[in-house]
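Enquirer: Can you read through this structure? Questions will come right after.
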Amino acid sequence: MRGASAGGYLTLSALTFREFFQAGASHYGIGDLEALMRETHKFESRYLDRLIGEYPAQKALYHERLADQLH
(Lines give C-alpha, C1' and ligand atoms only; values in the text may rest on other atoms or scores of the structure.)
Protein backbone atom coordinates (compact mmCIF):
# COMPACT_ATOMS: atom_id res chain seq x y z
CA MET A 1 0.00 0.00 0.00
CA ARG A 2 1.23 3.52 -0.68
CA GLY A 3 -0.07 7.04 -0.70
CA ALA A 4 0.91 10.69 -0.68
CA SER A 5 -0.42 13.55 1.46
CA ALA A 6 -3.89 12.43 2.63
CA GLY A 7 -3.18 9.04 1.05
CA GLY A 8 0.02 8.91 3.09
CA TYR A 9 -2.03 9.48 6.22
CA LEU A 10 -4.40 6.72 5.09
CA THR A 11 -1.41 4.43 4.61
CA LEU A 12 -0.12 5.20 8.12
CA SER A 13 -3.58 4.59 9.61
CA ALA A 14 -4.10 1.34 7.72
CA LEU A 15 -0.72 -0.01 8.79
CA THR A 16 -1.31 1.05 12.39
CA PHE A 17 -4.92 0.01 12.93
CA ARG A 18 -5.42 -2.95 10.58
CA GLU A 19 -3.58 -6.23 10.07
CA PHE A 20 -4.44 -6.66 6.39
CA PHE A 21 -1.37 -4.93 4.91
CA GLN A 22 2.20 -6.15 5.38
CA ALA A 23 4.01 -3.06 4.12
CA GLY A 24 3.37 0.48 3.05
CA ALA A 25 5.01 3.69 1.94
CA SER A 26 3.69 6.99 3.24
CA HIS A 27 4.85 9.88 1.08
CA TYR A 28 4.20 13.16 2.89
CA GLY A 29 1.66 11.55 5.20
CA ILE A 30 0.66 13.53 8.27
CA GLY A 31 1.58 11.64 11.41
CA ASP A 32 1.81 14.51 13.89
CA LEU A 33 -0.67 17.40 13.70
CA GLU A 34 1.33 19.60 16.09
CA ALA A 35 4.51 19.17 14.08
CA LEU A 36 2.62 20.00 10.91
CA MET A 37 1.25 23.16 12.51
CA ARG A 38 4.66 24.26 13.79
CA GLU A 39 6.66 23.43 10.68
CA THR A 40 4.37 23.91 7.69
CA HIS A 41 5.14 26.51 5.06
CA LYS A 42 3.41 29.90 4.92
CA PHE A 43 1.01 28.87 2.15
CA GLU A 44 -0.72 26.29 4.40
CA SER A 45 0.06 27.89 7.76
CA ARG A 46 -3.62 28.56 8.60
CA TYR A 47 -5.06 25.40 6.99
CA LEU A 48 -5.45 23.48 10.24
CA ASP A 49 -7.13 26.47 11.90
CA ARG A 50 -10.18 25.79 9.74
CA LEU A 51 -10.05 22.01 10.13
CA ILE A 52 -9.24 21.70 13.84
CA GLY A 53 -8.85 25.08 15.53
CA GLU A 54 -6.31 27.81 16.10
CA TYR A 55 -3.01 26.61 17.50
CA PRO A 56 -1.87 26.88 20.28
CA ALA A 57 -5.20 28.10 21.69
CA GLN A 58 -6.83 24.78 20.71
CA LYS A 59 -3.82 22.62 21.59
CA ALA A 60 -6.00 20.30 23.70
CA LEU A 61 -8.15 19.57 20.64
CA TYR A 62 -5.04 18.59 18.65
CA HIS A 63 -4.15 16.12 21.41
CA GLU A 64 -7.74 14.85 21.50
CA ARG A 65 -7.65 14.15 17.76
CA LEU A 66 -4.41 12.22 18.19
CA ALA A 67 -5.91 10.17 21.03
CA ASP A 68 -8.96 9.41 18.86
CA GLN A 69 -6.66 8.07 16.14
CA LEU A 70 -4.93 5.74 18.56
CA HIS A 71 -8.15 4.05 19.71
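Enquirer: Accessible area per residue, 1.4 Å probe, Å², for the chain: what's the number?
Expert: Result: 79 Å² per residue.
Enquirer: Could you tell me the accessible area of Asp32 in Å² (1.4 Å probe, neighbours in place), rounded to the nearest ten?
Expert: Its heavy atoms expose roughly 80 Å² to the probe.
Enquirer: Could you work out the relative contact order of the chain? I mean the mean sequence separation of Cα pairs under 8 Å and 6+ apart, divided by the number of residues, in percent.
Expert: Values: 70 pairs, mean separation 17.5, N = 71.
Rounded, it is 25 percent for the chain.
The values are calculated or read from the model by the stated rules, or taken from the named source; none is laboratory data. This one's a predicted model, so the numbers in the text were calculated from it and none came from an experiment. These accessible areas exclude ligands, DNA and RNA; they are computed on the full protein's heavy atoms, side chains included. Shrake-Rupley method; radii C 1.70, N 1.55, O 1.52, S 1.80 Å.
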